[in-house]
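To start, the structure under review is shown below, and the notes come after it.
The values are calculated or read from the model by the stated rules, or taken from the named source; none is laboratory data. For clarity, every value in this text was computed on a predicted model and none was experimentally measured. Don't worry about glycine lacking a Cβ; one is built from the backbone with ideal geometry, like all the others, and counts go over all protein chains shown. Quick note on the areas: whole protein, heavy atoms, side chains included, nothing else; ligands and nucleic acids left out. Shrake-Rupley method; radii C 1.70, N 1.55, O 1.52, S 1.80 Å.
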Amino acid sequence: MNVTPASRPRRSPLRRTWAAVAIVGALALSACGGATGEESDGGSGGSGSEDLPLIYGVYATPLEEPWDGAIHAALQEAADDGEIRYKHVDDLSTSDAMERGLRDIAANEEPDAIIGDAFAAEEAVRKVAAEFPDIPFAFGSGEKPVEPNMSVFDNWLQDPAYLSGMLAGGMTKSDTIGIVGAMPIPEVNRIVNAFVLGVKETNPQATVKVSFINSFFDPAAAKQAAQAHISAGADVLFAERDGVIAAAEEADIPVVGMMVDQHDEAPGHVITSLIWHMRPTVDAVIEQATGEPQAVDLGEFSFMKVGGSELAEINTDVVGGVPDELVAKVEKVKAAIMDGSFTTPVDEAAPASSIDVSKK
């Protein structure tokens with residue numbers, strides 16, 4: 001994969017009359033249906049804050065959805081560190097809303113970079129990016145970069161997925177584990193398939209039930225799908241989508257969280273979570289914002305060995321407990337991932353609805 005060069009010709013950050021921009025931006029975004037967040041300059045304040053690059057987050061889902069929430073958290077952290085000014089709009093849930101929102105932001109606010117997710121609106125995002133070639137666009141995407149300014153990234157979480165699968169395989173007593181995912185697309189499939197391989201590592205006789213809700217954010221549907229897995233005998237769940245943890249808590253069974261550390265949502269039930277650290281990716285985009293737009297694949301910044309992802313602390317106080325020998329096995333494989341002696345296989349094929357892991 002390509003990486004962002006460490007040095008290149010730099011351009012001065014744009015200076016703006018912020019009072020006028022705020023009025024225009026608010027009107028434009030209210031027209032496209034988005035929910036804006038407050039601008040953040042990390043508390044730097046004063047006249048110097050306008051020299052910081054403005055990064056605009058543009059999200060298809062509400063920020064309660066962990067995928068976009070992880071991007072938002074990393075950008076907010078960069079703002080808190082005084083490296084950027086950050087503004088955002090969320091819940092642009094249709095291609096039309098995404099296209100209008102992006103065009104209004106690019107034309108009226110002139111950000112130094114725009115970052116967000118394009119999975120549900122690939123054509124719209126790429127269309128607007130082509131109209132504003134001087135603004136770096138960096139979007140979560142299942143497609144390739146496009147010159148001169150459309151970079152892509154994704155949540156390459158196969159490493160923590162494998163490790164969490166090991167935990168689930170070692171904890172199930174019914175030998176049945178349930179997964180609820182968004183939809184059978186490559187970026188979801190590789191996480192699910194890595195989890196299944198991890199299950200096989202510790203429990204080769206297990207069966208993994210997989211269902212998709214065909215939405216990136218529908219907690220009610222995800223909870224219902226999880227309950228169906230529980231009815232089919234699953235006693236450990238993987239919450240690839242929001243809503244599954246609630247079902248696990250009600251059924252009093254352990255569950256693996258996703259994207260952020262979801263321990264506090266159900267402290268007695270969340271074993272661990274796959275955590276996506278977007279900060280390395282955000283730092284690469286900030287370089288573009290203060291230099292020149294590029295069209296690169298930023299995917300490798302999400303790998304565990306470079307700090308782009310991790311497995312949250314294992315919660316040994318979870319219902320049913322976690323055997324010490326299982327934790328030791330997981331830690332051993334984690335160390336191998338970090339030192340490069342083990343590479344988690346990447347399989348982006350759509351998984352079956354019921355998987356006998358002995359045949360994987």
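Dipole of region 79-228, Cα-centred, from +1 at each Lys and Arg C-beta and -1 at each Asp and Glu C-beta, to the nearest 20 debye? If you can, show how the numbers build up before the last one.
Values: 12 positive and 24 negative charges, 195 e Å.
Magnitude of the dipole: close to 940 debye.
Here the Kirkwood formula, the inverse mean of 1/r across different C-alpha pairs, assigns region 306-360 a hydrodynamic radius of 14.1 Å. Counting only the Cα atoms, the chain fills a convex hull of 127 Å³ per residue.
T207 contributes an accessible area of around 40 Å² to the protein surface, as traced by a 1.4 Å probe with all chains present.
Of all DSSP beta bridges confined to the chain, the antiparallel ones make up roughly 20%.
Give the carbon-plus-sulfur fraction of the accessible surface of the chain in %, rounded to a whole number; probe 1.4 Å, heavy atoms of protein chains only.
Values: 7190 of 14110 Å².
That fraction is 51 percent.
Look at the alpha carbon pairs under 8 Å that are at least 6 residues apart: their mean separation over the length of the chain gives a relative contact order of 19 percent.
Ranked from largest, the principal axis spans of the Cα set of region 200-311 equal 54, 31, 25 Å. At q = 0.09, 0.12, 0.18 Å⁻¹, work out log10 I(q)/I(0) for region 51-208 with the Debye formula, treating every Cα as an identical point scatterer and leaving solvent out; two decimals please. Taking Cα atoms of region 51-208 as identical point scatterers yields -0.37, -0.60, -1.02.
Please work out the ratio of the alpha-carbon Rg of region 266-360 to 2.2 N^0.38 Å and round it to two decimals.
Numbers: Rg = 17.6 Å, N = 95, 2.2 N^0.38 = 12.4 Å.
Its radius of gyration relative to the 2.2 N^0.38 Å reference: 1.42.
Ignoring ligands, DNA and RNA, what accessible area per residue does the chain give at 1.4 Å, in Å²? Before the final figure, lay out each step's value.
Details: 14110 Å² over 360 residues.
Here the residues of the chain average 39 Å² of exposed surface.
The order of the peptides 233-241, 341-349, 119-127 by mean Cβ neighbours within 10 Å, most packed first, is 233-241, 119-127, 341-349.
Protection proxy ranking for 81-94, 147-160, using the average of other Cβ atoms within 10 Å per residue and placing the highest first: 147-160, 81-94. Between helix 95-108 and the chain there is an angle of about 40 degrees, using the helix long axis and the longest principal axis of the Cα atoms. Taking a ≥ b ≥ c as the square roots of the eigenvalues of the alpha-carbon gyration tensor, region 53-103 is classed oblate because a/c is 1.5 or more while a/b is no larger than b/c. Shape class of region 200-259 from the Cα gyration tensor (axes a ≥ b ≥ c, square roots of the eigenvalues): prolate, since a/c reaches 1.5 or more and a/b is larger than b/c.
Using the reciprocal of the averaged 1/r over all distinct C-alpha pairs, how large is the Kirkwood radius of region 70-158 in Å? It would help to have the intermediate numbers written out before the result.
Working: mean 1/r = 0.0741 Å⁻¹.
The answer is 13.5 Å.
DSSP bridge analysis restricted to region 109-227 gives an antiparallel fraction near 5%, rounded to the nearest 5.
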